[in-house]
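Read through the structure below, which is laid out as structure tokens, and then see the notes.
Computed from the coordinates by the stated procedures, all read-outs in this text should not be read as laboratory data. Note that the structure is a prediction, hence the values are computed from the model and not measured. Backbone-built Cβ (ideal geometry, glycine too); neighbour counts: all protein chains shown.
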Amino acid sequence: MTGRGYCLFDTSFGRCGIGWGENGISHFQLPSADSDADDARLRELTGTAGPGTPPPVIAKAIADLVAYFDGVAKDFSSFPVDLSSVEPFHARVLAAARKVGWGDISSYGALAREVADDVAVSRAVGQAMGRNPIPVIIPCHRILTADGKIGGFSAPGGTITKTRLLELEGALRKTPALAQTAFDF
């Protein structure tokens, strides 16, 4: 991959954005209420002057993201990601989260045990999820609390967006606590 850039593209969820660097996908923007602000944010994050033409691997990621938002099961784990802006512990957490596939869920504690063999770092795992620059591609939305509740989500739309993504993947049936939250029980 050569150069840095970004582009915005339409999905059935709304207008998304993707940024890339020399080593792969560096940013992903879920739809917000202001696509001009999304454009400005991606321009700043990628350090580029404006939207560009995505290289082939990024064009493939965009096509897969469009299909994903249409409800087609997609695995983003083979796409190269550039986590050079993320601190090392957070990069390990994000790499572990990448292993959680379509429709599956995990917990902050499970990731803490995987990356540090210590459930006590669950809070730090949650912080890494909250700073994930590439949501969906690195599926932080699939990480829940130990008791199966939704937890937080820092992307536009917050926990409503997280719930929508989990509904899209059919993951709500994996935990009664999550299903009850989705249906306001």
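What to note about this one:
- Computed from the C-beta positions of T11 and A146 and an R0 of 35 Å, the FRET efficiency is 0.65 to the nearest 0.05.
- Approximate spin-label separation D117-E167, in nm, with each point projected 7 Å along Cα-to-Cβ: 4.2
- Principal semi-axes in Å for the chain [√(5λ), Cα gyration tensor, largest first]: 26, 19, 14
- Residues of the stretch 125-162 with amide N under 20 Å of a point placed 7 Å along Cα→Cβ from F89: 125-134, 140, 143-146, 152-154
- Modelled spin-label separation between V72 and A49, with each label point placed 7 Å from Cα along the Cα-to-Cβ direction: 3.5 nm.
- Protection-proxy order for peptides 91-97, 36-42, each taking the mean of Cβ atoms within 10 Å per residue, highest first: 91-97, 36-42
- Counting every pair of alpha carbons in the stretch 118-166, the share spaced more than 17 Å apart comes to 27 percent.
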